[in-house]
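Notes for the one structure printed next.
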Amino acid sequence: MAKKSEHWADITAEKIIREKGGKACYTCASGITPSGTVHIGNFREIISVDLVVRALRDMGKKARFIYSWDDYDVFRKVPKNMPNQEELAKYLRFPITMVPDPWGRDESYARHNEVDVETILPLVGIEPEYLYQAQKYRASAYAQGIRRALERRETLKAILDIFRDEDHKIQGEWWPVNVFCEKCSRDETDIDGWDEDWGLTYHCRSCGHEETVDIRRAKGIKLGWRIDWPMRWEYEQVDFEPAGKDHHSQGGSFDTARHVCKDVYGWDAPVTFQYDFIGSKGSPGKMSSSTGRVINIEDVLRVYTPELTRYLFAGTRPNTEFTISFDLDVIKIYEDYDRIERIAWKLEAAKDEGAYQRARRIYELSQVNPGIKLEGTPPFQVPFRHLSNLIQIAGGDIDKVLAGFGEDAPESSGGIPNTGAEQAARLRNRCTCARYWAEECAPEEFRFRLKPAGAPPAEELSAEERKAVRELRDQVIAGIDQFKDDKACAEAVYKTAEYAGLEGKVLFRAAYQALIGKDQGPRLANFLRSIDKERLLGILDPY
């Protein structure tokens with residue numbers, strides 16, 4: 001870009017380059033335990049890393065985006081939103097990767113949750129390199145890191161105690177590793193000794209099994225997570241990884257991991273930032289996979305197109321808490337995005353050059369495909385509110401809505417950016433989101449259904465109001481094609497009310513009752529002009 005960007009992703013990328021120096025490739029990391037549905041709060045970390053990776057690549061740097069599935073963590077409790085609760089409970093204290101899929105679709109409970117995410121992330125332009133920690137541990141990839149932790153366990157103990165008061169410091173003999181029993185697969189084991197080489201002895205409190213295993217070949221040895229995390233920073237040579245504010249609290253896991261990484265494994269902790277929690281209207285409290293109170297990426301993509309979904313995060317600083325809205329705020333969010341798009345394409349003037357550069361950068365990072373060129377035909381915009389009305393007018397028939405745009409709609413094929421098939425697909429996707437929102441999320445006062453032709457007149461209307469509806473039909477709707485815009489149509493509606501001796505709001509109510517059986521509805525002039533004239537006349541014919 002010609003000017004230095006003020007976007008947080010670009011600022012972070014510059015910091016990575018500055019602090020980590022010139023490198024052939026910068027490694028950016030994220031990850032989670034697939035203990036339940038991966039919710040939109042988890043997605044904030046994923047897309048934050050993706051945006052920084054894009055920023056590095058836009059600066060001409062090579063960047064590796066790794067995403068770790070911590071599927072060798074312990075299955076601690078059964079989420080409330082899972083089926084087969086009693087069956088799942090039998091696998092408590094097992095590695096998550098050994099818990100069966102309660103839906104029977106995938107080879108394990110962990111893999112089911114992983115596949116759900118891996119399938120949907122490409123829809124929003126995110127395709128990281130996935131690392132599966134169960135595979136890594138079972139292949140003894142971390143044998144050297146485990147031995148290093150055993151060798152430096154007194155140092156580790158001191159680091160973990162730095163931020164603890166006297167009542168919570170580690171007491172007695174302590175080991176930095178846990179073992180899944182070779183016989184019963186549970187982690188209810190105690191370490192009995194280490195031979196200061198490769199031999200580790202343990203016994204299982206659950207089944208009584210005991211043995212000495214070779215760290216280089218054992219499948220069940222795992223580092224405690226406060227050591228596992230920084231060990232993998234060194235193993236993967238991680239340069240950047242963000243974390244939630246719970247991990248970034250003073251004395252929290254990131255503080256201890258920083259010390260472990262440097263003092264035990266000899267690697268400087270990655271550049272980081274803190275991201276805040278995400279709320280959801282209608283779902284109070286912090287989202288949690290383990291309790292089942294979640295909204296996932298798929299839920300968001302039902303209402304927001306992929307570009308809008310990326311925009312929610314690209315346009316918000318990571319350390320800002322915000323709410324994913326599914327109510328009328330959805331209309332405003334779409335309007336804000338459309339305005340950013342018009343500014344980026346210079347179809348609408350920004351207040352100054354700085355505002356233009358900010359809008360353009362947010363828009364660039366909001367696109368599913370990186371490296372968008374703002375040239376050729378600008379995107380075809382249809383306001384979300386209007387589209388939601390059109391969808392309801394058409395009874396949910398998206399093809400009918402698209403056909404209604406006629407020559408204005410993008411073609412179904414083409415070759416240059418932002419025309420043809422790409423534009424048509426985007427418009428159809430926005431229609432799909434508008435239909436779902438109107439049918440499933442919109443408040444009741446926003447929803448409507450047109451009455452069928454020939455339906456009897458609304459009983460709620462007085463003789464005077466019915467007469468006004470007839471005037472509206474004969475004086476406005478019969479000649480609606482002559483109005484060049486909504487303003488001209490609205491003026492004609494008000495003149496009809498005046499001619500009928502009614503206040504405008506009284507005629508409006510009468511019109512809505514006649515058309516949709518409600519006292520209120522979409523802006524009347526635009527509403528009338530959006531409906532086929534013959535259909536309107538058919539509905540109002542009984543008057």
Filtered hits (lysines, Cα-Cα < 22 Å from Lys62, offset >= 8 within chain) -> Lys3, Lys4, Lys15, Lys20, Lys23, Lys373
Expressed as a whole-number percentage, the relative contact order of the chain with C-alpha contacts under 8 angstrom and at least six residues apart is 12
Counting only DSSP beta bridges fully inside the chain, the antiparallel percentage to nearest 5 is 50
Note to self, the chain gives a 222 nm [θ] from helices alone (DSSP H runs n ≥ 4, -39500 (n - 2.57) apiece, / all residues, nearest 500) of -12500 deg cm²/dmol
Given a Förster distance of 51 Å, the FRET efficiency implied by the Cβ-Cβ spacing of Leu374 and Asp268, rounded to the nearest 0.05, works out to 0.85
Among the stretch 524-539, those whose backbone N falls under 17 Å of a label point 7 Å along Cα→Cβ from Ala453 are 531-539
Extension length gain for Lys505 and Phe405 (0.36 nm per residue less Cα distance), in nm, is 33.0 nm
Per its Cα gyration tensor (rounded if a/c is under 1.5, else prolate when a/b beats b/c, else oblate), the stretch 463-540 is best filed as rounded
Pseudo-spin-label distance Ala24 to Asp165, built 7 Å along Cα→Cβ, given in nm, is 5.1
Taking a ≥ b ≥ c as the square roots of the eigenvalues of the Cα gyration tensor, with a/c under 1.5 meaning rounded and otherwise prolate when a/b exceeds b/c and oblate if not, the stretch 1-51 is oblate
Lone Cys, the chain, Cβ cut-off 4.7 Å -> Cys25, Cys28, Cys261, Cys431, Cys433, Cys441, Cys489
Taking only the Cα positions of the chain, the convex hull volume per residue in Å³ is 197
For Asp214, placing the label point 7 angstrom along Cα-to-beta-carbon and taking the stretch 176-202, residues whose amide nitrogen sits under 16 Å are 195-201
Note on the stretch 463-540: contact order normalised by length, alpha-carbon pairs under 8 Å, 6 or more apart, percent, works out to 38
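Read-outs: derived from the displayed coordinates by stated rules, not from any lab. Because the structure is a prediction, the values reported are computed rather than measured. No Cβ is skipped: glycine too gets one built from the backbone with ideal geometry, and neighbour counts run over all protein chains shown.
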